[in-house]
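None of the figures in this text is laboratory data; all of them are computed from the coordinates on show. Computed from a prediction, not measured in an experiment: that's the story for all the values here. Reconstructed Cβ throughout: ideal geometry from the backbone, glycine too, with neighbour counts over all protein chains shown.
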């Protein structure tokens, strides 16, 4: 039995809606919207260290906007002891103490 050709995208059904920015090809296949070239993904809202709250916790996206390193570099730095460890706020949520992030910035590591 020969293998059937696999369609990379779903076939449009008459009763299904298609995203307005998707492209419907002549055979009914839907291709996803193309990303504009040159655009980089944004990292959360821009925040300065002086705008941090006096106490509390911040999430990773906020930490990475203040201390510009990549995610993998940040996690490796935690493992090596260069950066402060995360505090578990829930089963799937971690945060960092604002005081630890301020101390990291002031130390100039």
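Would you mind putting 65-77, 92-104 in packing order, based on average other-beta-carbon counts within 10 Å, highest first?
My ranking of the peptides, most packed first, is 92-104, 65-77.
Rg to Rh ratio, segment 49-107, alpha-carbon atoms and Kirkwood radius?
On the way: Rg = 10.8 Å, Rh = 11.7 Å.
Rg divided by Rh gives 0.93.
At a Förster distance of 22 Å, what's the computed FRET efficiency of residue 75 paired with residue 48, Cβ-Cβ distance as r, to 0.05? Let's see the in-between values first.
Numbers: r = 23 Å, r/R0 = 1.07.
Result of the calculation: an efficiency of 0.40.
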